[in-house]
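**Q** Dropping the structure in here first, questions after.
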Amino acid sequence: MFAAILLVVGIGGALWFQRPAHEDELAIPIGELRSQGFELKLLNDYAGRGRDRRFVTAHARHLAQSIARARDELTSLQPTPQLAATRAAALQRSAPWADAAAQLGAGDAQLAPASAAQIVAAAEQLQALEDALKR
Amino acid sequence: MGKLAEVFLGILTAMGGFVEIGELTFTLNGGRRFEYALLWVVLLGTVGIMVYCEMAGRIAAVKHQAVFSLIRERDGFSAGLLTLVAASIVNLLTCAAEVGGVALLWQLLSGWPYRGLLLAALFFFVIVVWSTPFKWIERIFGLGGLLMIVFIVAAVGLDPDWRSVGTGFVPSLPQGAGGRDTLMYAFYGVALLSSIMLPYETYFYASGGIEDRWKPADVTLNRVVVIIGFTLGATLAAALVVVGAEFFKPHSIDPALPGTAALAAGDMFASVGLYVALLGMFFAFAGAAIETALSAAYNLAQFAGWPWGLDKRPREAPRFALAWIVVFVLATGVVMTGIDPVSVVEYSIVFSVVVLPLSYFPVLAVARDRGIMGPYANGPMANVLGWFYLALITVAALAAIPLFVATHAGQG
């Protein structure tokens with residue numbers, strides 16, 4: 001009896017995890033990435049003041065790891081066909097961020113102005129994608 | 001000075017309970033998502049934890065009996081054992097998150113590798129708890145945690161609309177909330193209530209009162225300690241909600257790392273703010289790590305009837321000493337796997353709500369019993385508040401898991 005319950009729970013769990021991701025599930029990693037993009041911009045501004053280098057580099061490394069984790073999470077989701085383009089857009093927009101964070105983490109004083117502006121523009125686009133998914 | 005110093009037990013308990021790593025991100029994110037609409041939950045939970053810590057402290061002063069000794073006596077062995085296991089898991093997970101949080105903070109200050117710093121944190125905690133008398137643990141971490149006041153200064157400096165802040169203390173749904181937002185709001189409300197009324201605060205506080213050798217004459221002191229400590233903790237929690245609403249919302253950032261919270265203080269007050277915030281978080285997280293490890297050891301020793309207390313030499317209470325060392329080692333092992341400390345504590349906060357009714361009912365039952373407590377038994381007000389909060393946490397316990405699943409662990 002116990003084995004049968006375990007089997008049903010196991011099959012149910014496997015089917016649950018294999019089902020296509022819907023709007024609300026896709027919005028979670030996109031929201032994380034949106035937040036990380038804006039935080040990267042804030043940290044870059046802070047780095048521009050030329051203070052607390054050790055803090056900036058260590059926090060940038062934490063941020064780079066979080067961005068990589070959120071991107072992995074987004075990559076692993078299998079969205080419904082109509083949401084595939086949204087996922088692809090979010091992955092494409094956030095693609096340079098982990099490298100940008102790693103660059104700050106490696107001790108660079110500040111990102112190039114064009115690169116910082118690109119991060120903000122991409123984060124705003126992710127915000128729009130997230131809002132559309134939550135509507 | 002002696003009596004005044006007792007206040008640090010309240011401050012340490014409150015700081016370790018209100019501003020540990022999970023609560024820090026929870027309050028900041030609560031403010032970021034719902035602005036001031038959750039402030040009433042901070043107030044509600046604060047009064048609740050004051051009511052139950054006051055009762056537990058009074059029982060400790062009058063009967064010299066701690067919470068888990070009451071649980072075994074009142075709930076019986078089986079229900080008591082279930083509570084012990086659940087409370088130990090919650091304590092272990094919370095301790096793991098705090099040890100991880102301390103290592104993350106040290107990394108922000110030193111840039112050294114995370115796993116090496118986790119091992120350093122393990123040695124630091126074992127040496128501190130082994131070699132420092134209980135009173136000095138209270139004073140050092142209680143006083144150090146006061147550096148978190150930088151967030152109160154930040155909240156005032158952000159110049160919020162105080163009328164809106166005041167409105168947040170009146171229960172209401174956030175403006176324009178749809179079905180999903182309402183679920184998220186309910187999840188945050190239950191989780192915030194749970195995190196403020198975390199059961200380990202009561203276990204630690206009552207055991208601390210016994211460690212500090214409170215007597216029936218200290219019942220008034222107990223009330224003062226509870227009121228000052230938890231009012232300070234609640235003010236800090238409310239300030240973090242304001243910082244979430246006024247700093248992180250306009251920046252569209254959902255704070256998920258201790259460094260993010262420090263960045264807000266650094267952005268406002270330059271290097272001084274940054275380092276005061278990092279140091280304050282260190283004392284608060286370290287205080288919570290010690291509180292949870294000792295709570296787990298107190299609970300086990302009190303349930304099993306072993307000798308316990310930091311005033312005893314390890315050879316006089318060997319199983320108690322072994323228990324808190326094992327908790328620190330296991331907690332370090334959990335975060336060594338690479339799991340995110342903030343996620344660990346958010347899970348433990350939600351699941352701890354299930355332990356709350358089982359932990360608090362025996363405290364209420366003894367505190368109101370005139371046969372046991374004599375003239376120190378609950379008055380009508382304490383009884384009404386005690387029953388009200390017991391009903392409230394029972395409802396929260398029933399709602400916690402469904403809300404956790406429905407909101408993807410509060411993520412959306």
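**Q** Rank the residues A:ARG93, A:ARG87 as a footprinting-exposure proxy: fewest other Cβ atoms within 10 Å of their Cβ go first.
**A** A:ARG87, A:ARG93
**Q** Here's something else I'd like to know. Taking the Cα centre of region B:140-243 as origin, work out the dipole magnitude from +1 charges on Lys and Arg Cβ and -1 charges on Asp and Glu Cβ, in debye rounded to 20.
**A** 140 debye
**Q** Next up: Which one, B:PHE285, B:PHE187, B:PHE123, has the greatest fluctuation when you compute a Gaussian network model over chain B with C-alpha springs under 10 angstrom?
**A** Between B:PHE285, B:PHE187, B:PHE123, it is B:PHE123 that shows the largest mean-square fluctuation.
**Q** Which whole number gives the average, over all residues in B:401-412, of C-beta atoms from other chains lying within 10 Å of the residue C-beta?
**A** Mean inter-chain Cβ contacts per residue within 10 Å come to 2.
**Q** Specify whether the C-alpha gyration tensor of region B:61-180 places it in the rounded, prolate or oblate class, a ≥ b ≥ c being the square roots of the eigenvalues: rounded for a/c under 1.5, otherwise prolate if a/b is larger than b/c and oblate if not.
**A** Because a/c hits 1.5 or more and a/b fails to exceed b/c, region B:61-180 counts as oblate.
**Q** OK, next. On a C-alpha basis, how far is the centre of region B:40-100 from the centre of region A:31-68 in Å? Whole number, if you could?
**A** Here the answer is 39 Å between Cα centres.
**Q** Here is a further query. Only Cα pairs within less than 10 Å get springs; with that Gaussian network setup on chain B, which residue of B:VAL90, B:VAL170, B:VAL334 has the largest fluctuation?
**A** Top of the fluctuation ranking is B:VAL170.
**Q** Okay, moving on. Quick one: Cα centre-to-centre distance for region B:368-398 and region B:209-237, in angstrom?
**A** With region B:368-398 and region B:209-237 each reduced to a Cα centre, they are spaced 18 Å.
**Q** Let me ask something else about it. Please list the non-local residues whose amide H lies under 5 Å from the amide H of B:LEU158, H modeled 1.01 Å from N, same-chain partners needing a gap of 5 or more.
**A** none
**Q** Then there is this: Going by the alpha-carbon gyration tensor, a ≥ b ≥ c the square roots of its eigenvalues, is region B:2-406 rounded (a/c under 1.5) or, if a/c is not under 1.5, prolate (a/b greater than b/c) versus oblate?
**A** oblate
**Q** Cross-link partners among aspartates and glutamates for B:LYS312, C-alpha distance below 16 Å, same-chain residues fewer than 8 apart left out?
**A** Cross-link targets: B:GLU211, B:ASP212.
**Q** Report the label-to-label distance for A:ASP99 and B:PHE77 in nanometres (one decimal), using points 7 Å from each Cα along the Cα→Cβ vector.
**A** The answer from the label model is 6.6 nm.
**Q** Follow-up. Using only the alpha carbons, work out the radius of gyration and Dmax of region A:22-134 in angstrom.
**A** Values for region A:22-134 (Cα only, Rg and Dmax): 14.3, 47 Å.
**Q** How about B:LYS63: which lysines have a C-alpha closer than 16 Å to its C-alpha, ignoring those fewer than 8 places off in the same chain?
**A** Those lysines meeting the cut-off are B:LYS215.
**Q** To the nearest 20 debye, what is the magnitude of the charge dipole of chain B about its Cα centre, counting +1 on the Cβ of each Lys and Arg and -1 on the Cβ of each Asp and Glu?
**A** With only Lys, Arg, Asp and Glu charged at Cβ, the dipole is about 860 debye.
**Q** How long are the three semi-axes of the equivalent ellipsoid for region B:245-360, computed from the Cα gyration tensor as the root of 5 times each eigenvalue, in whole Å, largest first?
**A** Each semi-axis is the square root of five times an eigenvalue, giving 35, 18, 13 Å.
**Q** Let me know the charge dipole size of the protein assembly as shown about its Cα centre in debye, to the nearest 20, where only the beta-carbon of Lys, Arg (+1) and Asp, Glu (-1) is charged.
**A** In debye, rounded to 20, the protein assembly as shown gives about 840.
**Q** Please work out whether region B:47-87 counts as rounded, prolate or oblate from its C-alpha gyration tensor, where a ≥ b ≥ c are the square roots of the eigenvalues and a/c under 1.5 means rounded, while otherwise a/b larger than b/c means prolate and anything else oblate?
**A** Oblate shape, in that a/c is at least 1.5 and b/c is the bigger or equal ratio.
**Q** Taking amide H positions as placed 1.01 Å from N in the peptide plane, with prolines and chain starts having none, which residues 5 or more places from A:ALA21, or on another chain, fall under 5 Å of its amide H?
**A** Amide H to amide H, under 5 Å and 5 or more residues apart or across chains, A:ALA21 pairs with A:GLN78, A:THR80.
**Q** For the protein assembly as shown, what are Rg and Dmax over the alpha carbons, in angstrom?
**A** Computed over the Cα atoms of the protein assembly as shown, radius of gyration and Dmax are 23.4, 76 Å.
Laboratory data are not the source of any read-out in this text; all were calculated from the coordinates shown. Not measured: the values here are computed from a predicted model. Counting neighbours? That spans all protein chains shown, and the Cβs are built from the backbone with ideal geometry, glycine included.
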